[in-house]
1. With r defined as the distance between the Cβ atoms of residue 265 and residue 192 and R0 fixed at 51 Å, what FRET efficiency is calculated, to the nearest 0.05?
2. How many nm separate the modelled label positions at residue 212 and residue 52, each set 7 Å beyond the Cα in the direction of the Cβ?
3. What residue among 116, 9, 24 has its Cα farthest toward the positive end of the dipole of the chain, where the charges are +1 on Lys, Arg and -1 on Asp, Glu, each on the Cβ?
4. Based on the Cβ-Cβ distance of residue 175 and residue 83, what FRET efficiency does E = 1/(1 + (r/R0)^6) give at R0 = 45 Å, to the nearest 0.05?
5. Pop a pseudo-label 7 angstrom from the Cα along the beta-carbon direction at both residue 36 and residue 161 and give the gap in nm to one decimal.
6. Report the relative contact order of the chain, percent, no decimals, based on alpha-carbon pairs under 8 angstrom and at least 6 residues apart.
7. Kindly put 55, 265 in sequence by how many other C-beta atoms sit within 10 Å of each C-beta, fewest to most.
8. Taking the chain as a Gaussian network, where each spring joins two C-alpha atoms under 10 Å apart, which residue of 109, 99, 221 fluctuates the most?
Amino acid sequence: MQDAQGDLTQEAARYLYLAEGRLVAQCMADAGFTYVVREPPEQALAGASAANYGRLSVTTARRHGYSSPSRVNDAVSQFVADDPNQAYLASLSQSRRQDYPVALFGHDDTRLTIDLPDGESITTNRDGCTSQARRLLYGPDLVTWLGNQFIASNLNVEVHRRVTSDPAYLTAVNEWRTCMKGRHQAFTTPEAARQAAARTRGADEAGSTPAAAEIAIAVADAECQRGSRLVNVAERLDRRYRTGVSAERSMEISAYRLARVEAVRRAPGLLQSR
């Protein structure tokens, strides 16, 4: 059920994802609506791993721009875009379209605010089928569960924020920026370069061939990554900060993992009893 790091195996994570969806579907049926539960793509079940700092070889950049030749389409984005529940929602009458999100997510006036350790906050609703399913699986304390889930699932975000604020990283970015200017590519960050390159592809970005403008940006980026050692610096800092953040958030991460393990054990009885 658990891997070596204490999180769920891929098989158990898939089961839990589907169990939560089926509980939501049962609740929505009780409210008079249809809710379709689908098999999630493998990428949607993966736990936090090392963040991607855009490592790019000159050879790949010359051939493919910023696109990976082995994975052109983002399976998770495609999964979201193909959601049949959106088509079902569009088929409902106007009044039913207004009732559907209330049944699924709850009323806005029942909203809960969850404060996070970094000073930010997230919100959820007390009622609605989504919250009901989560309470059944993870326990009645929805605030604690969602706070722990957010912290554990967004470990990369916190690590990335610390990495990109570190003086060593900022020095490397400055060297990368100077290098890019020398190649007639004026971008303040690697992210800005990638966004500019993506805009050259037009609407069919995922399946189209990289434009010459993208190739030029990507090649310059790859060469300047190598010269500034930007990605090497980022990955070294990532390892250091990941260890620290994992230690700081160990209680929340452990509680999140334990709740998921218990939910897998609890789910068969919940699904049979409804």
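1. Numbers: r = 47 Å, r/R0 = 0.92.
Approximately 0.65, to the nearest 0.05.
2. Distance between the two pseudo-spin positions: 2.8 nm.
3. Checking the options against the dipole of the chain, the answer is 9.
4. Working: r = 43 Å, r/R0 = 0.96.
Efficiency, from the Cβ-Cβ distance: 0.55.
5. Each label point lies 7 Å from its Cα, and together they span 3.7 nm.
6. On the way: 294 pairs, mean separation 76.1, N = 274.
Value for the chain: 28 percent.
7. On the way: 55 13, 265 9.
Ranked by crowding around the Cβ, least crowded first: 265, 55.
8. Largest GNM mean-square fluctuation: 109.
Here, each number is a calculation from the coordinates, and none is a lab measurement. Bear in mind the structure is a predicted one, so any value in this text is a computation, not a measurement. So basically every Cβ, Gly included, is an ideal-geometry build from the backbone, and we count neighbours across all protein chains shown.
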